[in-house]
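Worksheet for the structure shown next.
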Amino acid sequence: MAIVLRYVDRRGSAMERFMGIVHVRDTTALSLRNEIVSLLTKHSLSPSYIHGQCYDGASNMQGDLNGLKILMQKESRGAHSIHCFAHQLQLTLVAVSRRCNEVQELLLLVSDILNMVGASFKRRDELRESQAEEIEEALRKGELETGKGLNQELGLARAGDTQWGSHYKSFNNFILMFGSIIDVLDAIAVNAHFEEKCKAKGYLKACLTFEIVFMLHLMRTILAITNKLSAAFQKKEQDIINAMLLVGVAKDQLQELRMKGWDSLINEVSKFCMKYDISIPEFNELYVIPGRSRHRVAEYTVSHHYRVEVFYRIIDWQFQELNSRFDEVTTDLLLGVACLNPADSFSNFDIEKILRLAELYPDDFDKYSMVDLRFQLQNYIVDVRDHDKRFSDLRGLGNLSTKLVETKKHGTYPLIFQLVKFALLLPVATATVERAFSAMKLIKTDLRSRIDDEFLSSCLVPYIEKDVFSLIPNEAIMNTFQNMKTRRGEL
């Protein structure tokens, strides 16, 4: 289990720091809770200070009866839990793929082809050579521009359900490398042994169909929208209100795609098909279901199938999943935090909703504090909105927090500043935790396979928190090591 601490520093900035890796033999919620409390105690931190938690969607984490979030809320009633936004976003694609046969078939086909093409160094070299030849030909024809950073070699990007953004990169690279992939599959269909020949021929036949090309471009277009959202979620400085606003932006872009994106998508797919000599169906003819007898046609046209049954339906399912998974905006917690947002000259400011937000932190705001908070809010909004022009162009809670510290108004309005800090402590994603697991593969190699948990965690902390440890001089590290115990030699 990787643990990351999120806090607001003295300058008012939200920070995330990796605390370490804990080996948990029993993954029950109680065991996880005990390990977290133990690690906090080791660093002289009380669990009562916790004012936000963020996990994935596993039942031992998010269970409403005995989940980890419930056990931690017993330590601190203000430890409100957020289901990792990036995980929820990735689950929307997984949910859509399970509901739509065309998407599921595309995911399987792309995965199988990438596994076959990348199965040996020889095939990778063939792919690289074909890609270089294709770029050279395009440059000769003037289809590509030259310049620094342009026309770089692409790699095979395999998609994974738990790897954020991987599906977009996989589809995008597949389209960009389509000609090279076809060349390698063609070579396998000629030179490989019988079983692989048959598979390669099947993959070639599937790739060179309008349906696969259409699905590749459609999913890349949709995932380009959600990929930007996923990247935004993974920023350390991201606050929860901005995250919810970005969800709204993604929904607007999907709606725009649904209303106006059909013609441009079909034009792009048609150009691609002509480039690779793939037959384009007559859109006014009746649609023939693949794998069925051509005498058993559907009761609707090819145009209706791709536009209504696939294009509209997949976007609508994406909408449904986004709405069902990102429903936190309806809670008092999110409404109260939104009212603190300084965007558009504090246009969302609402004293009553902010007071309801304070009530969600009963250990920090008693009845006397609530009275003081009301008076502070009344003075605060007149001050920052009408008089102090330094607060006129703030874009989010992070800017507000640092500006309050910079202008020393955090001392004038301490209860409001405390609420702003609590809002910043609500994490959006577990991206830092996931990066810790990725870094672990670099530290715990085959040569260090027997490294113990404490030493592994100690190695990971300076590796991950490079920005902090780069400021420590080597002399200080050597002196500390030398003074830990009596040693024979001097460093």
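Kindly evaluate V184 against the criterion of being in a helix (DSSP H, G or I), surrounded by 15 or more Cβ atoms within 10 Å (Cβ to Cβ) and modelled with pLDDT of 90 or more. Taking the combined requirement at face value, the residue does not satisfy it.
From the list N348, N341, which residue is polar (S, T, N, Q) and in contact (Cβ under 8 Å) with a residue 24 or more places away in the chain?
Values: N348 fails: in contact (Cβ under 8 Å) with a residue 24 or more places away in the chain.
The unique qualifying residue is N341.
Please indicate, with yes or no, whether at least one residue in the stretch 11-34 is surrounded by fewer than 18 Cβ atoms within 10 Å (Cβ to Cβ), at pLDDT 90 or above and hydrophobic (A, V, I, L, M, F, W, C). Yes. Going by the conditions given, is T41 at pLDDT 90 or above and open to solvent by 40 Å² or more (accessible area, probe 1.4 Å)? In short, yes.
Being of a type in the set (S, T, N, Q) and surrounded by fewer than 20 Cβ atoms within 10 Å (Cβ to Cβ) narrows it down to one residue among Q90, Q104; which is it? Quick ask: steps written out before the conclusion?
Numbers: Q90 fails: surrounded by fewer than 20 Cβ atoms within 10 Å (Cβ to Cβ).
Criteria check complete, one pass: Q104.
Of the helices (runs of 4 or more DSSP H) lying entirely inside the stretch 354-455, those containing at least 3 residues that are under 26 Å from V247 (Cβ atoms) and modelled with pLDDT under 95 are 397-406, 414-425, 431-443.
On the basis of being in contact with a Ser or Thr (Cβ under 9 Å, 6 or more places away or on another chain) and crowded, with 19+ Cβ neighbours inside 10 Å, does L257 make the cut? Answer is yes for this residue.
Pairing residues of the stretch 403-428 that are over 22 Å from P362 (Cα atoms) with residues that are open to solvent by 30 Å² or more (accessible area, probe 1.4 Å), at Cβ distances under 7 Å and at least 6 apart in sequence or on separate chains, gives K403/R390; L404/H410; V405/R11; T407/R390.
Only residues that are open to solvent by 20 Å² or more (accessible area, probe 1.4 Å), among the aliphatic types (A, V, I, L, M) and within 29 Å of the chain's Cα centre (by Cα) were counted in the stretch 189-224, giving 2. For the stretch 352-410, which residues satisfy the criterion of being more than 25 Å from D332 (Cβ to Cβ), among the basic types (K, R) and open to solvent by 90 Å² or more (accessible area, probe 1.4 Å)? K389, R390, K408, listed by residue number. Of all positions in the stretch 232-242, none carries a residue that is small (G, A, S), assigned to a helix (DSSP H, G or I), open to solvent by less than 20 Å² (accessible area, probe 1.4 Å) and over 17 Å from R325 (Cβ atoms).
The single condition among (1) in contact with a strand residue (DSSP E or B) (Cβ under 6 Å, 6 or more places away or on another chain); (2) within 30 Å of L404 (Cβ to Cβ); (3) buried (at least 17 other Cβ atoms within 10 Å of the Cβ) that H51 does not satisfy is (1). For the stretch 62-73, state whether one or more residues are surrounded by fewer than 18 Cβ atoms within 10 Å (Cβ to Cβ), at pLDDT below 90 and small (G, A, S). Yes, some residue in the stretch 62-73 is surrounded by fewer than 18 Cβ atoms within 10 Å (Cβ to Cβ), at pLDDT below 90 and small (G, A, S). Screening V420 on (1) open to solvent by 60 Å² or more (accessible area, probe 1.4 Å); (2) touching a Ser or Thr at 6+ places or on another chain (Cβ under 9 Å) shows it passes everything except condition (1).
Okay, residues lined up against (1) more than 28 Å from H83 (Cβ to Cβ); (2) open to solvent by 70 Å² or more (accessible area, probe 1.4 Å):
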site	(1), (2)
E434	no, no
K441	no, yes
V461	no, no
A476	yes, no
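Selection of the stretch 307-338 for residues being open to solvent by less than 10 Å² (accessible area, probe 1.4 Å) and of a type outside the set (A, V, I, L, M) yields F311, Q318, F326, G336. Within the stretch 80-94, is even one residue over 30 Å from I222 (Cβ atoms) and part of a loop (DSSP other than H, G, I, E, B)? Checked against the condition, which is being over 30 Å from I222 (Cβ atoms) and part of a loop (DSSP other than H, G, I, E, B), the stretch 80-94 yields at least one hit.
The values are calculated or read from the model by the stated rules, or taken from the named source; none is laboratory data. Everything numeric in this text was worked out from a predicted model, so none of it was measured. Counting neighbours? That spans all protein chains shown, and the Cβs are built from the backbone with ideal geometry, glycine included. Just the protein is used for accessible areas: all its heavy atoms, side chains included, with ligands, DNA and RNA removed. Shrake-Rupley method; radii C 1.70, N 1.55, O 1.52, S 1.80 Å.
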